[in-house]
Structure formats: C-alpha cells, structure tokens
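The values are calculated or read from the model by the stated rules, or taken from the named source; none is laboratory data. Just so it is clear, the structure is predicted and the values come from calculations on it, not from any experiment. Positions of Cβ are backbone-derived with ideal geometry, glycine not excepted, and every protein chain shown enters the neighbour counts. For accessibility, only protein heavy atoms count, side chains too; no ligands or nucleic acids. Shrake-Rupley method; radii C 1.70, N 1.55, O 1.52, S 1.80 Å.
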Amino acid sequence: MQKLTLAEIRERFLSYFERNGHTRVPSSPLVVAHDPTLLFANSGMVQFKDVFLGAEERPYSRAVTAQKCLRVSGKHNDLEEVGPSPRHHTFFEMLGNFSFGDYFKAEAIRMSWELLTQEFQLPVERLWFTVFAGDDEVPADEEAVQLWIAQGADPSRVLRFGRKDNFWVMGDTGPCGPCSEITVYLGDDLSKMTAEGVNSDDPDYVEVWNNVFMQYERATMQPLPRPSVDTGMGLERMAMVLQGVRSNYATDAFVTLIARVMAELGSDEAHYHAHFANYRAIADHARAVAFLIADGVLPGNGGRSYVLRRILRRAAYQGRGIGFEAPFLAKIIATVIDDMAPAYPELAARRAFILESADDEERQFLRTLAGGIARLNSVVTQMQAEGSKLVAGQDAFVLKDTFGFPLDLTQKIAAEQGLQVDEAGYDAAMQAQRERSRAAAKFARSGDTELWSDRGLPATRFVGYDALTGEATVLALVAEGDMVAHANTGAQVQVVLDATPFYAESGGQVGDTGKLTFATGMVEVSDTLRPVPGLIVHYGTLRAGSLSLGQQVHAEVDGTRRTAIMRNHTATHLLHRALRDLVGEHAAQAGSLVAPERLRFDFTHNKALDTATLRNIEARLNAWVRADGRVSWDEMSYQAALDSGAIALFGEKYGDLVRVVRIERGDGTLVEGFASRDSRELCGGTHVASTGQIGYVRILAESSIGSGIRRIEALTGQGAEQWAEQQAQILRDLAGRLGVAPALVVERVEQLLGEAKQRQQELNALRGRLARSSLDELLTQVQHEHGVPLLVAQVEAEDAARLRETGDLLRDRIGSGVIVLGAVIQAKPLLLVMVTPDLVKQGYHAGNLVKALSAIVGGGGGGRPDMAQAGGKDAAQLAAALAQAGALVAAQGRG
C-alpha cells in the first residue's frame, strides 16, 4: 500500500481515468445553479444531473472529476458530529468517474479493481465488496458478483445487501439502479476480520468507494436503453486509508490546520488531545468557510448565507471553548488557502476577500456573543429554578433573531448545562416570522415551469444576436392559463415559436418586448421568459385576429428598447472589469439588472466605495466608451473559455459549449492604464458592436444591499444624457433664483450660508440677553412657603428641551428653593418641577409634586426627587394646576 499525500491521491485518480479515455472536468462551484432541490453540491454527480436525465448533452461520454462538496444535514451529517467524529465533515472532496451511456458494469468494476489494487496498491485480502441482493421488484445483481470474482475477489468477501445499502435512486422519476461498494478493513489483526463488520458502525471497516449502476427508469422499473455509471470516492477517507491513520483528521488534509490552531493559541499536544473535538471542528469549518466565500456565498440570515454563518460562528464558539478571546479564524483560513489553492486557484484569486469577509463576520459575532450568552444564561437559570429541562423555542428564536445565535449553537450551550431546546417551538416562531415576511413578497411566474415542463417541445432556436425580426411557426399556445390550439382577440397568451429574435430574460437582462404579426392579426409581446431550459415563451395580448397552432408569424422586437438594453448590458461588463481592476479581483458580480432605462450591478465587497474611487471608475468607463473598443463573441468549450481568462459568474450553470463576450480596450491611452486587460465574460446576452455605441456612462449611486454585497446604479446613452440635462436645468434654475451665473452658484451658496451662520449667532446672542432679562423678571416672583423659596410661573418655550434649559438656569440662580414651571407646547400642557439638593434632603420631592399637578391637566407622570416633568391633555387647566403648586409644596413641608 502506497503512502500518498492528499494531492497525490487526487492526481493519481484523475490521471488514471484520463488514461482510460475520460475527460477531466473541473469541479462545479459549491453553489448549485438552477436546482432548487439543493443548496450545495453534495456529490460528484450533481453537475451531471441533467446529463443523466437526458436534458443536457456533453461532447464526451466519459468524465472524471474531483468535486467540491458540502453537507450540513441529513443522514450521518449532523453538524454536531463534526469534531467528535473522526470521519464527519462539512466540506469534503468527492472523486468520481462517470459513464453517460458508454461503458457499464464490466469496465467500471475492472477499472475500480485496477485503481485500488495496482495504482493505490491496497492489499486485496483487506477488501470487501457489496452488491444488491435483489427483491420482489428488482433481481439480484449477480452480474456484479461474478465480475468482482473474475477480477480476483475472494467469493466469500462479495456480500449481498438490500435496498437500504445497495440500491440508488435519484427521485420518484429518473434513473436508478443497484450499486456496489468497496470497504477496506483497517484492523491490526486480519484473523478478527468478519463479514459482520461490513456496513456496520465498527471503525475497523471503512467504505471508500461506491459504484452506482444506473440501469432502470424509476417510474416503470424498465431497463434503460443506455445504462450509465456514477461513482464516488471520498478523498479524505481514502487519504486516511492510504496514510495508515485511523482518523481523517490525522491526514495531511488537516494536520497542518490543527497545527496552525495550536500555534495561534500557544497550546501543546496535551491540550489538543484533551479538547480534540474543538480543534477538529475549527479545522473542518475553516475549509468550508474558505470554499463557500470563494464560491460567492457570504454570511447572512437566509439560505446558503445562513449555512455559512452557522458554520463560521460555530467555529468561533469552538475557538472560545479552547481559549481564544480575539478573532483567529482568518489565520486558519489563510492556511487552508495555502494548502488548497494549487488544486483550486479560486482560493488564491479571492484570498484577501475571503479573509476579510471571514474576519468581519467573526468580529461581528464576538460583539454579540457576550450579550447572547448572558441572555441564555438567564434563561438557563430560570429553567433550573423552575425545575425544567427544556429551553422554550421562543427563547431560542430570540437568541437567533437578536444575537445571531444559530439554533445548533444554542443547543450546544444548553446541553453543557444539561438542558434541551424545544425545536418544535423554535420552528413555529421561525415560521411565524417567515409568514410575516411573505406579506411584502412578490410572486414571479414560477408556476409556468410546471405548465411548460414535459411538453416534448424542441428547444427554441434564438436568432436575436444577428436580427431583430424573423419568420416563425407557432409550436405551442396558452390562452388565459390553459394550453389551447386556438386563441381569439383579447386573450392573454403565451406563445412558443420554433425560432425567435426575442431574448428571454436571463443573466440579469430583461426580456424583449415587441409584436408577432400575421395575416389576420397581431400579438403585442410584453415580456419574454424561459420557464424551462431551452424553451422561449412570449407573453402578451392578442390585440387583433385569432391565432392557432402551426400558424406562420412575423416576429419583431422593439428595436429602440433592445438597443438601450444592449448599451446597458455592455456597460455592466465594462463596470465589472473596472471594479476588478480598481477594487480587486474579489469584486465579483453578485447580481445585476439590465433594463432599457438603467443598469444595476451588485458585487462582492466589504466597504463603501469613496467618491474618488467612483469618479475614477466612471472616468475609466467613459474612456473605454470613447476608445470605441470592438465587442465580439465566440463559442468555445467551457474549459477553453476559462483558460482564455474569461470570467464565469458564481451560481450560473454553464454547459460545455459557452459564449464568450470579449470587449477590447481600443485606444487605451485616453486614460492612463484605464483597464489592465480586455473584458472577457461568459455571457449569453445581447451587446452593442463597439463601446462607442454606449455613448456615455453616469454612475448615480453606490450602496450596501447586504453583508459583503455592494450595489452600483448607473445610466447610459440617452438615459445618461437626459439625467445630465435635468441636473443642468436644476443648476440653471438655482442660478436664476440666486441671481448669479451657473458657474458662481457654489460661491453664492457658500456666501449665503456664511451670512446665515452669522445671523444665527446674532440671534442666539439676542435670545440669551432676552432670556437673562426674562429670568431676572421671573426671579422677582419668588414667594416663600414655610420659609422655602418657591417660584411658580407659566413661561414660553419652543419645546421640552428649552423648558428644561430655563429650569436649569433658574435653579442655578435661586440657589435654594422649589421651581414649578408650565408651558403650552404644540397645544399640549407640559409641567416641570425642580427641587434644589438641600431641600431634597428635607423631604421635598419633585416627582410627587409633578404627579399631583399633572393629574389636573389630564396627564400623569413622576420622576426623581430633584427633577421631574409630565405632560397632559388639557392646556386650559394649566393655570389651575400652577395655582395648586403652593399648597402642595406647603403640604410636603408639613410632612
């Protein structure tokens, strides 16, 4: 058995299958594009799902991959198992070879045997093989049994199991079939090796590879005409076997990470062994965080973003449990990048952004951690006092909503105190919050997906790159939501043509509008969408005549609107390139809107762009526009596109044949170094022929739309010109009102502001003099009750602050006494009572006085012994209330 590093195992696997006619296919991103059933890629076959279902074709029939995977839920993937368990992970790599109707069991089993026994030199005497035992519906896979034996397997170590262990299904429909797993015995004593250990929890037995033989259609259980193969080998698990250790965390995939944790903490081996679960969890989670952020996921409160937040915050809490007080995760993640970037260059390309995003989230969590723990501790204390062992779901929800505590973190802390969390109550509180949020939600035409699925329609041929008009035939027709053969005037219709110049909404670009005309009438097209892959649907109103299946129509796109859209779309590509050049390569597109009247571009960045940077970006864009750089596009393989430097967007699903839009810089001397390179992006949208056709770009705003996501809004062409004219007209109007030329407006405004400031200072000085004069007059009204100076007066005050200010000045002047002031502010009475410290010691109490007085004006209140205020409803009773002040003060003096 060869002792190989993780990187060597990965390369041996990929190279072996390349030599056997397989195409090496890069890992797809963790974010699964256009598949609502999956948050993340969790196996190697995910990127080939549509190929296996027959919905997508690739230029190869054999493939091999090393796929990035993430699992945080489901069987054997409880997050709390990551750390304590020697073999559980969130992020892992899955090696796999695939046959799409090419080879089947015989060759798959031959290559599996050859790779394991010759390339990896695993001892044959330690290998076990499992096959499907058969049941009432599907016969036993005796073919696989004989194939393993023919390769050299001991017949006694080829075992048969049922559906639970050895039959694979994709879903209620689609391919399915038996699978054959290979297990390795790791025990020291071969005499103790038994069949009972296979598919058990015995740690001496580890399953390292699974061969899935897709040979039936699930709905009918009939044989497939072109059976296929899907295999999966966990890289970290195979590394454990080949490196002769008993834990994945003892392989070179993790030892450097754990060593880095120890170095940052200043701990030793004894501390690690005493707290191994914390160290393992940190190492595992650091890998997951690095790859998630590299693939465009940022911490947040929903979906994928919340998964990342859970993982990152759990790692931070695990670090706190072993002694970390300051943020540390970015340093561990830096080691992940160093180790893994040779295989996954996206880590190095986004290094700074990954580290900054992780550090920001950890710091944010640490700021709320103390408050959350204090809140949870108070809940725990209350539960213990009541003799309860269950933390209420609502309390767990508040911890998440207010302090950012994921449920599993609350459960972990509660478990440390011997308590459980009411998950049902938590789920109910979460559901209530979701229902409140849905009130503002907007509904898309997602229901059309079901309407158009499985109609057997051919893919629509799009001709709109080169033309805005075309002749076509109606292949399908929907009127008022129902599939029909004929529609009449006034109907809301959906029309599918065999070919169309209309662009369907995709990649941020809105769908085209226009009209479909024919001999007897016209459809006004208000939108164009692609509800299912490959099918373009025209949405509109039948304005005249009747429309039928098979009818010939003339399709005509609104050319003026399309041209405006193309200007904005090409401008987004220029903006994307400029952002990467000026802000950094991490500034990747995170969303966009390309409409005729404006563009919106979302990108990953953690800080606001200052005005100087925005103006620099805008200057570069317009220099590129003036340079009139040529815009061209080519079709090529996905890998060739990446090799050419083209940018692929995170979360987008690409086939093997992609369209690359290239925008040349033209005369780059217009602004020194305005772009480091041409723009190259994978894009299926429509664009202008040269940058000069954009006309002009104006950035309107830059803002935050979420954690680590910024948004730029801009205008181009006529929209930008109209905006500039509006600004110029505002300036002209302002200049006219100020009586100066437009060029002197700023100077005149500054002059007026200076004059206004001076006048305000003069006004304040005058108010001060008047206030002092008023105070002198008020002080002449001081009376004595039982020897206590008492000032009662109704005064003028703009607001409560002014009334308080007057009271403070009087208190300072009177030295010793009681002050009772009243004022009518915005038609409501307000009372203020102040008692000097010497009289407070004698028992006089401002709060009790104001409480009694405010009742007279229809209010209520109280306050401190030295100062209190209260409002009321009846301003007409203010004088009566003030008239009672003397008697109330006298009563306090007698008391």
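Quick one: what do you get for the range 759-869 if you divide its Cα Rg by 2.2 N^0.38 Å?
Details: Rg = 14.3 Å, N = 111, 2.2 N^0.38 = 13.2 Å.
Against the compact-globule rule of thumb, the ratio is 1.08.
Computed over all pairs of different Cα atoms, the Kirkwood value for the hydrodynamic radius of the range 562-725 is 15.8 Å. Translational diffusion of the range 763-819, estimated by Stokes-Einstein from the Kirkwood radius over alpha carbon pairs at 4 °C in a medium of 1.567 mPa s, is 108 µm² per second. Heavy-atom accessible surface of CYS683, to the nearest 10 Å², is about 20 Å², with a 1.4 Å probe and all protein chains retained. When the alpha carbon gyration tensor of the range 267-307 is reduced to an equivalent ellipsoid, the three semi-axes, largest first, read 29, 10, 6 Å. Sorting 539-552, 573-586 by their mean Cβ neighbour count within 10 Å, with the most densely packed peptide first, gives 573-586, 539-552.
Two decimals is fine: what's Rg over Rh for the range 677-785, C-alpha atoms, Kirkwood radius as Rh? In the range 677-785, Rg relative to Rh is 1.36. Using the Cβ-Cβ distance between THR37 and ASP733 with R0 set to 60 Å, the FRET efficiency from 1/(1 + (r/R0)^6) comes to roughly 0.60.
Across every pair of non-identical alpha carbons in the range 186-336, the mean reciprocal distance, once inverted, gives a Kirkwood radius of 18.5 Å.
Under the simplified labelling scheme, the ALA341-ALA270 pair shows an inter-label distance of 3.7 nm, with each label point 7 Å from Cα along Cα→Cβ. In whole angstrom, the range 1-143 maps to an equivalent ellipsoid with semi-axes of 24, 22, 20, each derived as √(5λ) from the alpha carbon gyration tensor and ordered largest first. Please report, largest first and rounded to whole Å, the three semi-axes of the ellipsoid equivalent to the range 64-134, where each semi-axis is the square root of five times an eigenvalue of the C-alpha gyration tensor. Values for the range 64-134, descending: 28, 17, 14 Å. Highest mean first, the peptides 116-122, 321-327 sorted by other C-beta atoms within 10 Å per residue fall in the order 116-122, 321-327. For the range 490-531, the fraction of alpha-carbon pairs lying more than 17 Å apart is 30 percent, rounded to a whole number. Assuming charge only on the beta carbon of Lys and Arg (+1) and of Asp and Glu (-1), the dipole of the chain about its Cα centre is about 2660 debye to the nearest 20. Of the residues ILE730, MET566, CYS69, the one whose Cα sits farthest towards the positive end of the charge dipole of the chain is ILE730 (charges of +1 on Lys and Arg Cβ, -1 on Asp and Glu Cβ, taken about the Cα centre).
Evaluated at q = 0.15, 0.17, 0.20, 0.22 Å⁻¹, the base-10 log of the normalised Debye intensity for the range 252-379, with identical point scatterers placed on the Cα atoms, takes the values -0.67, -0.85, -1.14, -1.31. In summary, the aspartates and glutamates within cross-link reach of LYS607, defined as a Cα separation below 15 angstrom excluding same-chain residues under 8 places away, comprise GLU356, ASP359, ASP360, GLU361, GLU585, GLU702. In the chain, taking the dipole from charged Cβ atoms about the Cα centre, the farthest positive-side position among THR231, LEU839, GLY296 is held by LEU839. When Rg and the Kirkwood Rh are both derived from Cα coordinates, the Rg/Rh ratio for the range 197-280 amounts to 1.23.
Across the options GLY534, LEU30, ALA286, the greatest Cα extent toward the positive end of the charge dipole of the chain (unit charges at beta carbon of Lys, Arg, Asp, Glu) belongs to ALA286.
Between ILE149 and GLU18, the FRET efficiency estimated from the beta carbon spacing at R0 = 30 angstrom works out to 0.60. Quick check: the distance between the Cα centres of the range 458-502 and the range 806-884, to the nearest angstrom? The distance from the Cα centre of the range 458-502 to that of the range 806-884 comes to 78 Å.
Relative to the longest principal axis of the Cα atoms of the chain, the long axis of helix 745-779 lies at roughly 50 degrees. Taking each residue as 0.36 nm, the span from MET262 to ASP634 lengthens on full extension beyond its C-alpha to C-alpha distance by 128.8 nm.
If you take all C-alpha pairs in the chain, what percent of them are over 55 Å apart? Numbers along the way, then the final one.
Values: 137070 of 400065 pairs.
For the chain, the fraction of Cα-Cα distances above 55 Å is 34 percent.
If you take all C-alpha pairs in the range 448-557, what percent of them are over 17 Å apart? Value for the range 448-557 (Cα pairs over 17 Å): 45 percent.
Count the DSSP beta bridges whose two residues both fall in the chain, then state the antiparallel fraction as a percent rounded to the nearest 5. Present the calculation step by step, with values, prior to reporting the outcome.
Values: 121 of 139 bridges.
Among the beta bridges of the chain, antiparallel pairing accounts for roughly 85 percent.
The lysines whose alpha-carbon is closer than 30 Å to the alpha-carbon of LYS841, local same-chain residues fewer than 8 away aside, are LYS851.
By a straight-distance test (C-alpha under 23 Å), which lysines pair with LYS164 as possible cross-link partners, with residues fewer than eight away in the same chain excluded? Hits, sequence-local ones excluded: LYS49, LYS75, LYS105.
Hey, if we sort THR520, THR686 by accessible area with the 1.4 Å probe, largest down, what's the order?
Order by accessible area, largest first: THR520, THR686.
At the listed q of 0.18, 0.21 Å⁻¹, the Debye profile of the range 804-867, built from one uniform point per Cα, gives log10 I(q)/I(0) equal to -0.62, -0.81.
Mean projection of the Cα convex hull over all viewing directions, computed for the range 315-371: 4.0 nm².
The listed residues MET45, MET238, once ranked by accessible area (1.4 Å probe) with the largest placed first, stand as MET45, MET238.
Write down the Å³ per residue value for the convex hull defined by the alpha carbon atoms of the range 6-250. It would help to have the intermediate numbers written out before the result.
Working: hull volume 31.6 nm³, N = 245.
It is 129 Å³ per residue.
Each helix, a run of at least 4 DSSP H residues, gives -39500 (n - 2.57); summed and divided by the residues of the chain, these come to -12500 deg cm²/dmol at 222 nm. The order of the peptides 700-707, 20-27 by mean Cβ neighbours within 10 Å, most packed first, is 20-27, 700-707. Residues TRP723, TRP452 ordered from highest to lowest accessible area at a 1.4 Å probe: TRP723, TRP452.
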